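Notes follow the structure.
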Amino acid sequence: MGFSKDFAWGAATSSYQIEGAAEEGGKGTDIWDVFTKEPGRIAGGHTGDVACDHYHRFREDVAMMKEMGLKAYRFSVNWARVLPEGTGRVNEEGVRFYSDLIDALLEAGIEPYLTLYHWEMPYELYKRGGWMNPESVRWFGEYAKLAAERFSDRVRYFFTLNEPQCFVGLGYLRGEHAPGLKAPLRDVFEIAHNALKAHGYAVQMLRQYGKQPLVIGYAPTGSMCYPESEKEEDIEAARQMLFSIPENMDNWTWSVSWWSDPVILGEYPEEGMKQFEPYLPKITEKDMKLISEPIDIYGQNIYNGRCIRMGTDGRPEDTVRYEGFPKTAMSWPVTPECLYWGPKFLYERYRKPIYITENGMSCHDVVSVDGKVHDPNRIDFLARYLRELKKAAGEIEVGGYFQWSLMDNFEWASGYAERFGLIYVDYRTQKRIWKDSAYWYRDMIRTNGEEL
Ligand code: FCB
């Protein structure tokens, strides 16, 4: 029972959030480079220009991962670093950077998990319509082919898209993330459909050009649902709510089933097809076949969940959180149960080995008078969440867990104000300091979660 012997204990990051070197090494401009420069977009006017300077310090960072005993590391490639215009010309210097990173990881005994798209659309492609342009499917396929050709001799694990919910919802519907648009619903559904097709085409390219049998996954997000009690009707209510379609059209992108049913089951959920009907683009059988190109593992980013019970009217309903409910620095609720029920419900529906591709919390971390960073809240959070995941791992196939994040980094619209890392970064000096939770995580990995 509990975690398998080869469980992938990992940490995750993404390129724009840590690399810096925004205009170095032949990198092209991406949509976040542009978005962050627009006054008022990012808290404090912060940008990812320098971030954690990982581009120059990756060897030091890999050494820390090794010391922490990580078995796996999930990172993303910045599309514009390897293909500055998005298609065509390859930037060899950018390819070399990721290639060196991969070599360093393997040398340290750490399995690389490569994400293709963690939101860095090359600006040149955005100017041609980005995901709104049906050609984006081909563009993304070309990029996936390049990744397969250059990295898959050493990288076995690939994820296509990170959180389409976010990059489509926050980027194109609410305008809070790059590229900062508030597009009409009709366009947003088209964008979403193209992104899913791009995912499918990337899977095909990875398989076709992969230099070894690859393990390919997808990394969506979504708020999980868990039952108020162990009563069968509450469990059923949580299950139904998790896969239901949000009624509020400002929130529709936070759906789980709209983004995952097509990929795994080959169909958009019926309820959504009805509700969204006025906004949908033309959806063909051929599209659905492409979108559902078989993948091997199911990644899911999970941060929190909603507590659900069956209402007296026979419909699932949210329970009200008590006053003073635990929360993170970012005000996200602390709900460990989501790491048991989430994977279980997802596994029941999708039948693929589950990987928690992100989970973690932001804390008000400070360097204390003793020069250390004490983060008991994060240790408590991890212990509670991982205990739940351990329970799930005893019942269903859970392949790995990636802590978000290895180190503090650029938290999108919040800039550097939120600290999610196991490792503290002093942005003035780029000094890295292990937080107490990093030592805790190291010990937990050593014992494979035995003491949870
Ligand atoms: C997720 C993102 C990741 C990070 C965490 C806190 O939505 O995938 O980049 O910002 O949230």
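Of all the criteria given as (1) closer than 22 Å to ARG351 by Cβ; (2) touching a helix residue (DSSP H, G or I) at 6+ places or on another chain (Cβ under 7 Å), the one not satisfied by TYR209 is (1). The selection criterion, being within 15 Å of the ligand (Cβ to nearest atom), modelled with pLDDT of 95 or more and either aliphatic (A, V, I, L, M) or closer than 23 Å to TYR441 by Cα (or both), does not hold for ILE110.
On the stretch given as segment 294-314, residues that are of a type in the set (Ser, Thr, Tyr) and buried (at least 21 other Cβ atoms within 10 Å of the Cβ) total 2.
Every listed requirement among (1) more than 29 Å from ARG442 (Cα to Cα); (2) away from the ligand (no atom under 16 Å from the Cβ); (3) surrounded by 21 or more Cβ atoms within 10 Å (Cβ to Cβ) is met by LEU101 save one, (1). Do we find that TRP9 is crowded, with 24+ Cβ neighbours inside 10 Å, of a type outside the set (Val, Ile, Thr) and touching a residue at least 60 places away in the same chain (Cβ under 8 Å) in this structure? In short, no.
From the list ASP365, ASP380, ASP370, the lone residue that is more than 28 Å from GLY180 (Cα to Cα), more than 13 Å from the ligand (Cβ to nearest atom), over 20 Å from the mean Cα position of the chain (by Cα) and touching a residue at least 12 places away in the same chain (Cβ under 8 Å) is ASP365. Applying the condition of being part of a loop (DSSP other than H, G, I, E, B) and either among the hydroxyl-bearing types (Ser, Thr, Tyr) or within 16 Å of the ligand (Cβ to nearest atom) (or both) to segment 226-249 and asking which residue is farthest from PHE276 (Cα to Cα) yields SER229.
When we screen TYR143, TYR201, TYR172, TYR157 for residues that are over 26 Å from GLY400 (Cβ atoms) and hydroxyl-bearing (Ser, Thr, Tyr), the only hit is TYR172. If only residues of segment 394-421 that are among the aromatic types (Phe, Trp, Tyr) and assigned to a strand (DSSP E or B) are counted, the one that is surrounded by the most Cβ atoms within 10 Å (Cβ to Cβ) is TYR401.
Between LEU70, LEU125, LEU116, the distinction of being within 25 Å of ASN301 (Cβ to Cβ), modelled with pLDDT of 95 or more, within 16 Å of the ligand (Cβ to nearest atom) and aliphatic (A, V, I, L, M) belongs to LEU116 only. Just a yes or no: is a residue in segment 158-174 among the small types (Gly, Ala, Ser) and either within 16 Å of the ligand (Cβ to nearest atom) or under 28 Å from GLU285 (Cβ atoms) (or both)? For segment 158-174, residues among the small types (Gly, Ala, Ser) and either within 16 Å of the ligand (Cβ to nearest atom) or under 28 Å from GLU285 (Cβ atoms) (or both): present. Would you check if there is a residue in segment 264-287 being in contact (Cβ under 8 Å) with a residue 60 or more places away in the chain and either among the acidic types (Asp, Glu) or within 16 Å of the ligand (Cβ to nearest atom) (or both)? Within segment 264-287 (the criterion being in contact (Cβ under 8 Å) with a residue 60 or more places away in the chain and either among the acidic types (Asp, Glu) or within 16 Å of the ligand (Cβ to nearest atom) (or both)), the answer is yes, since at least one residue qualifies. The helices (runs of 4 or more DSSP H) found entirely in segment 65-133 that carry 3 or more residues being more than 21 Å from the chain's Cα centre (by Cα) are 92-107, 123-127. Residues that are within 16 Å of the ligand (Cβ to nearest atom) and either surrounded by fewer than 22 Cβ atoms within 10 Å (Cβ to Cβ) or modelled with pLDDT of 95 or more (or both) within segment 207-225 comprise GLY217, TYR218, ALA219, PRO220, THR221, SER223, MET224, listed in sequence order. If you filter segment 12-53 down to residues that are under 27 Å from TYR441 (Cβ atoms) and β-branched (Val, Ile, Thr), you find that the one that is nearest to the ligand (Cβ to nearest atom) is THR13. Among the candidates ARG156, ARG138, ARG150, ARG239, the residue that is among the basic types (Lys, Arg) and within 19 Å of the chain's Cα centre (by Cα) is uniquely ARG156.
Of all positions in segment 226-241, at least one carries a residue that is polar (S, T, N, Q), touching a Pro at 6+ places or on another chain (Cβ under 8 Å) and surrounded by fewer than 17 Cβ atoms within 10 Å (Cβ to Cβ). Looking only at segment 2-11, which residues are within 16 Å of the ligand (Cβ to nearest atom) and either closer than 13 Å to ALA51 by Cβ or out of contact with any helix residue (DSSP H, G or I) (no Cβ under 8 Å at 6 or more places or on another chain) (or both)? If the condition is that a residue be within 16 Å of the ligand (Cβ to nearest atom) and either closer than 13 Å to ALA51 by Cβ or out of contact with any helix residue (DSSP H, G or I) (no Cβ under 8 Å at 6 or more places or on another chain) (or both), then GLY10 is the only one that fits.
Go through segment 316-352 and report how many residues are surrounded by fewer than 21 Cβ atoms within 10 Å (Cβ to Cβ) and either within 15 Å of the ligand (Cβ to nearest atom) or of a type in the set (Asp, Glu) (or both). The qualifying residues number 13.
Looking only at residues in segment 422-447 that are of a type in the set (S, T, N, Q) and over 28 Å from TYR340 (Cβ atoms), the one that is surrounded by the most Cβ atoms within 10 Å (Cβ to Cβ) is GLN430. Pairing each residue of segment 118-140 that is within 19 Å of LEU206 (Cα to Cα) with any residue that is basic (Lys, Arg) and more than 16 Å from the ligand (Cβ to nearest atom), provided the two are 6+ apart or on different chains, yields C-beta distances under 6 Å for VAL137/LYS197. The set of residues from segment 62-92 being charged (D, E, K, R), buried (at least 21 other Cβ atoms within 10 Å of the Cβ) and more than 20 Å from GLY171 (Cβ to Cβ) comprises just one member, ARG74.
The values are calculated or read from the model by the stated rules, or taken from the named source; none is laboratory data. As the structure is a computational prediction, the values presented were derived from the model and not from experiment. All Cβ positions, glycine included, derive from the backbone under ideal geometry; neighbour counts span all protein chains shown.
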